[in-house]
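*Asks:* So that we are looking at the same thing, I have put the structure below in structure tokens.
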Amino acid sequence: MSQTQTDPMETIRATLGAVGRTEQGPERMLPALAYTSADVLAWERRHLFAGGWTCLGRLVDLFPEATAEEARPVSQRAVAVGDVGGLLVRDPSGVRMFANTCRHRGHELLAEGDTSQRRSIICPYHAWTYDLGGALVGAKGFRDDPRFDADAHGLVELPVRVWAGWVFGHALRPVGDDEVPSFDAHLGDLAGILAPYACERLVLADRHTYEVAANWKVLAENYHECYHCPLIHPELCQVSPPDSGDNYHLPGAWVGGSMTLREGMATMSMTGEQAANPLPGVDPTRVEYLHVLPNLLVSAHPDYVMAHRLVPLSPGRTWVECSWLVAADADGVVPEARGAVDFWDVTNRQDWAACESVQRGLASPHFVPGPFAPNEDAVADLVATLARAYLDGGFGTSS
């Protein structure tokens, strides 16, 4: 960026006073730069994704068990946590994460997305070798050097937590740093709302992936309101009243609310009929829509839980993983949940088309942020949370 160019983040921060009111919440959405600027996305990747608690996927997917073809289970997986590379490691003590950079000359220990079944971590550049606890156990050429302290060259450990079957990582600061945000505070009261669904015990019925030509925040904002539902979601409106939303205002770095099912409807499906085994102990008339910032959307139904995981690819493109989680039968059979999968695939595609149209509109030189309708209060909550993060340097930080 040249000295004559304005920092997009500074431009956004300067406009935040016009975006929201201190007590009553934002009046209008963020400026277009927040959705179209590569510099803004770079800042978000560093401070909201790497610097927050990013969902990296389901534990059972990141570390599948050994198969007949592979004698050992996956022990290592390279992931991206925002713009920082992480190396997830699983051993008998649990899951840990290290910076995916060798302590010799910085080579990646595994390429992003790659896995290993080894019982040690070996850098492919000069074969520096670490145990699964991150300790350096082999450095070619340094064995007889009295000046070399292997203990000072272990891998940098990063914070990681497993919650409700999902793995969350923080990659901006190492384990033990006082500036690492509290994961429990990040979840806040959301953990209690979702607890009855016992997501850690649910299994995968189906999964779809999508690539949407829209900013990740456009998808999130669309998720948080049903103002648009009567126009683009006829199937949804048949099973759930679009004006039935009731939003939460509780502690934590999350936004969400609930909607009710129409009388006689058992769940969100094409027919309103049950799509999977009922989940014990949950309200059979209610659907929870919960967004764990920055990138996990959890939609909890009476008989299944649907989760969207968002990964921004560019300012105007987002990869979405949509998973349907269900309770297996007593004999271990997993319901297909076809009614739920088909229903939400149709609804997802309707939403993606709308979001892509919004993204194109945001690129117009004539766009001016519009006001929120009264029933878009959850979107206003999301914008307020993001505005605070832009001003404070991240979720729950003071940097």
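*Asks:* Which pairs have Cβ atoms under 9 Å, sit 6 or more apart or on different chains, and link a residue in region 185-211 that is basic (Lys, Arg) to one that is surrounded by 16 or more Cβ atoms within 10 Å (Cβ to Cβ)?
*Replies:* Between residues of region 185-211 that are basic (Lys, Arg) and residues that are surrounded by 16 or more Cβ atoms within 10 Å (Cβ to Cβ), the close pairs are 201/165; 201/327; 207/61; 207/321; 207/322; 207/323; 207/324.
*Asks:* With the condition being over 32 Å from the mean Cα position of the chain (by Cα), I'd like the strands (runs of 3 or more DSSP E) fully within region 105-157 carrying at least 1 qualifying residues. Walk me through how you get there before you give the answer.
*Replies:* Numbers: elements: 120-122, 129-131, 136-138.
Because the criterion is at least 1 residues that are over 32 Å from the mean Cα position of the chain (by Cα), the strands (runs of 3 or more DSSP E) in region 105-157 that meet it are 136-138.
*Asks:* Look at residue 300 and say whether it is over 22 Å from residue 226 (Cα atoms), buried (at least 16 other Cβ atoms within 10 Å of the Cβ), in contact with a strand residue (DSSP E or B) (Cβ under 6 Å, 6 or more places away or on another chain) and touching a residue at least 24 places away in the same chain (Cβ under 8 Å).
*Replies:* Values: over 22 Å from residue 226 (Cα atoms): no; buried (at least 16 other Cβ atoms within 10 Å of the Cβ): yes; in contact with a strand residue (DSSP E or B) (Cβ under 6 Å, 6 or more places away or on another chain): yes; touching a residue at least 24 places away in the same chain (Cβ under 8 Å): yes.
When the stated conditions are applied, residue 300 does not pass them.
*Asks:* Taking region 13-30 only, how many residues are surrounded by 15 or more Cβ atoms within 10 Å (Cβ to Cβ) and either at pLDDT 95 or above or basic (Lys, Arg) (or both)?
*Replies:* Count: 1.
*Asks:* State all residues of region 262-280 that are over 26 Å from the mean Cα position of the chain (by Cα), of a type in the set (A, V, I, L, M, F, W, C) and under 26 Å from residue 373 (Cβ atoms); if no residue qualifies, say none.
*Replies:* Within region 262-280, 265 is the sole residue that qualifies.
*Asks:* Hey, among 310, 279, 296, which residue is on the phi < 0 side of the Ramachandran plot and touching a Ser or Thr at 6+ places or on another chain (Cβ under 7 Å)? Lay out the reasoning, then the answer.
*Replies:* On the way: 279 fails: touching a Ser or Thr at 6+ places or on another chain (Cβ under 7 Å); 296 fails: touching a Ser or Thr at 6+ places or on another chain (Cβ under 7 Å).
Exactly one of 310, 279, 296 is on the phi < 0 side of the Ramachandran plot and touching a Ser or Thr at 6+ places or on another chain (Cβ under 7 Å), namely 310.
*Asks:* Out of contact with any Phe, Trp or Tyr (no Cβ under 8 Å at 6 or more places or on another chain), at pLDDT 85 or above and buried (at least 18 other Cβ atoms within 10 Å of the Cβ) - does that describe any residue in region 56-70?
*Replies:* Within region 56-70 (the criterion being out of contact with any Phe, Trp or Tyr (no Cβ under 8 Å at 6 or more places or on another chain), at pLDDT 85 or above and buried (at least 18 other Cβ atoms within 10 Å of the Cβ)), the answer is yes, since at least one residue qualifies.
*Asks:* Let me ask something else about it. State all residues of region 205-258 that are part of a loop (DSSP other than H, G, I, E, B), of a type outside the set (Asp, Glu) and over 30 Å from residue 38 (Cα atoms); if no residue qualifies, say none.
*Replies:* Of the residues in region 205-258, the ones part of a loop (DSSP other than H, G, I, E, B) are 213-215, 224-228, 233, 240-245, 248-253.
Filter once more, so that each one left must be of a type outside the set (Asp, Glu): 213-215, 224, 226-228, 233, 240-242, 244-245, 248-253.
Answer for region 205-258, where residues must be part of a loop (DSSP other than H, G, I, E, B), of a type outside the set (Asp, Glu) and over 30 Å from residue 38 (Cα atoms): 233, 240, 241, 242, 244, 245, 248, 249, 250, 251.
*Asks:* Take the residues in region 29-88 that are more than 18 Å from residue 389 (Cβ to Cβ) and charged (D, E, K, R); name whichever of them is nearest to the chain's Cα centre (by Cα).
*Replies:* Taking the candidates together, the pick is 58.
*Asks:* Do you know which residues across region 164-184 are over 22 Å from residue 45 (Cβ atoms) and either part of a loop (DSSP other than H, G, I, E, B) or not acidic (Asp, Glu) (or both)? Before the answer, list the steps.
*Replies:* Going through region 164-184, the residues over 22 Å from residue 45 (Cβ atoms) turn out to be 164-165, 176, 178, 184.
Hits for region 164-184 are 164, 165, 176, 178.
*Asks:* Can you name the residue in region 308-332 that is in contact (Cβ under 8 Å) with a residue 24 or more places away in the chain and among the small types (Gly, Ala, Ser) and, of all such residues, is surrounded by the fewest Cβ atoms within 10 Å (Cβ to Cβ)?
*Replies:* Step by step, filter region 308-332, then rank; the result is 314.
*Asks:* So if I check each of 82, 94, which one is within 28 Å of residue 392 (Cβ to Cβ) and in contact (Cβ under 8 Å) with a residue 40 or more places away in the chain? So that I can check it myself, show each step before the final result.
*Replies:* Working: 94 fails: within 28 Å of residue 392 (Cβ to Cβ).
Of the residues listed, the single one that is within 28 Å of residue 392 (Cβ to Cβ) and in contact (Cβ under 8 Å) with a residue 40 or more places away in the chain is 82.
*Asks:* Within region 90-104, work out how many residues are more than 12 Å from residue 78 (Cβ to Cβ) and either in contact with a Phe, Trp or Tyr (Cβ under 6 Å, 6 or more places away or on another chain) or assigned to a strand (DSSP E or B) (or both). So that I can check it myself, show each step before the final result.
*Replies:* First pass over region 90-104, keeping only residues more than 12 Å from residue 78 (Cβ to Cβ): 90-96, 102-104.
Adding the requirement that they be either in contact with a Phe, Trp or Tyr (Cβ under 6 Å, 6 or more places away or on another chain) or assigned to a strand (DSSP E or B) (or both) leaves 90-91, 94-96, 102, 104.
The number of residues fulfilling the criteria is 7.
*Asks:* Do you know which residues across region 107-134 are free of Cβ contacts under 8 Å to residues at least 24 places away in the same chain and within 15 Å of residue 157 (Cα to Cα)? Steps first, answer last, please.
*Replies:* First, the residues of region 107-134 that are free of Cβ contacts under 8 Å to residues at least 24 places away in the same chain: 107, 120, 122-125, 127, 129, 131.
Of everything in region 107-134, just one residue is free of Cβ contacts under 8 Å to residues at least 24 places away in the same chain and within 15 Å of residue 157 (Cα to Cα), namely 131.
*Asks:* Against the definition (buried (at least 21 other Cβ atoms within 10 Å of the Cβ) and not in a loop (DSSP other than H, G, I, E, B)), how does residue 268 come out, yes or no? Explain how you work it out, then say what you get.
*Replies:* On the way: buried (at least 21 other Cβ atoms within 10 Å of the Cβ): yes; not in a loop (DSSP other than H, G, I, E, B): no.
Taking the combined requirement at face value, the residue does not satisfy it.
*Asks:* Assess whether residue 84 counts as being modelled with pLDDT of 95 or more, among the hydrophobic types (A, V, I, L, M, F, W, C) and in contact with a Phe, Trp or Tyr (Cβ under 8 Å, 6 or more places away or on another chain). Give the steps one after another, and end with the answer.
*Replies:* On the way: modelled with pLDDT of 95 or more: yes; among the hydrophobic types (A, V, I, L, M, F, W, C): yes; in contact with a Phe, Trp or Tyr (Cβ under 8 Å, 6 or more places away or on another chain): no.
Considered against the rule, which asks whether it is modelled with pLDDT of 95 or more, among the hydrophobic types (A, V, I, L, M, F, W, C) and in contact with a Phe, Trp or Tyr (Cβ under 8 Å, 6 or more places away or on another chain), residue 84 comes out as no.
*Asks:* Quick check on residue 249: is it more than 18 Å from the chain's Cα centre (by Cα), in contact (Cβ under 8 Å) with a residue 60 or more places away in the chain and closer than 27 Å to residue 394 by Cβ? Give the steps one after another, and end with the answer.
*Replies:* Numbers: more than 18 Å from the chain's Cα centre (by Cα): yes; in contact (Cβ under 8 Å) with a residue 60 or more places away in the chain: yes; closer than 27 Å to residue 394 by Cβ: yes.
For residue 249, the condition - more than 18 Å from the chain's Cα centre (by Cα), in contact (Cβ under 8 Å) with a residue 60 or more places away in the chain and closer than 27 Å to residue 394 by Cβ - is met.
*Asks:* I'd like the residue in region 345-399 that is more than 14 Å from residue 26 (Cα to Cα) and β-branched (Val, Ile, Thr) and, out of all such residues, is surrounded by the fewest Cβ atoms within 10 Å (Cβ to Cβ).
*Replies:* Filtering region 345-399 for residues that are more than 14 Å from residue 26 (Cα to Cα) and β-branched (Val, Ile, Thr), the one surrounded by the fewest Cβ atoms within 10 Å (Cβ to Cβ) comes out as 368.
*Asks:* Among the numbered criteria (1) within 23 Å of residue 166 (Cα to Cα); (2) within 17 Å of the chain's Cα centre (by Cα); (3) of a type outside the set (S, T, N, Q), which one does residue 214 miss?
*Replies:* The one condition residue 214 does not meet is (1).
*Asks:* Among the residues in region 143-159, are any surrounded by 19 or more Cβ atoms within 10 Å (Cβ to Cβ), hydrophobic (A, V, I, L, M, F, W, C) and in contact with an Asp or Glu (Cβ under 9 Å, 6 or more places away or on another chain)? Give the derivation first.
*Replies:* In the first step, residues of region 143-159 are kept if they are surrounded by 19 or more Cβ atoms within 10 Å (Cβ to Cβ); the result is 155, 158-159.
Remaining after also requiring hydrophobic (A, V, I, L, M, F, W, C): 155, 158.
Within this subset, residues satisfying the condition of being in contact with an Asp or Glu (Cβ under 9 Å, 6 or more places away or on another chain) are none.
Checked against the condition, which is being surrounded by 19 or more Cβ atoms within 10 Å (Cβ to Cβ), hydrophobic (A, V, I, L, M, F, W, C) and in contact with an Asp or Glu (Cβ under 9 Å, 6 or more places away or on another chain), region 143-159 yields no hits at all.
The values are calculated or read from the model by the stated rules, or taken from the named source; none is laboratory data. Everything numeric in this text was worked out from a predicted model, so none of it was measured. Cβ coordinates were reconstructed from backbone atoms using ideal geometry, including for glycine residues, and neighbour counts include every protein chain displayed.
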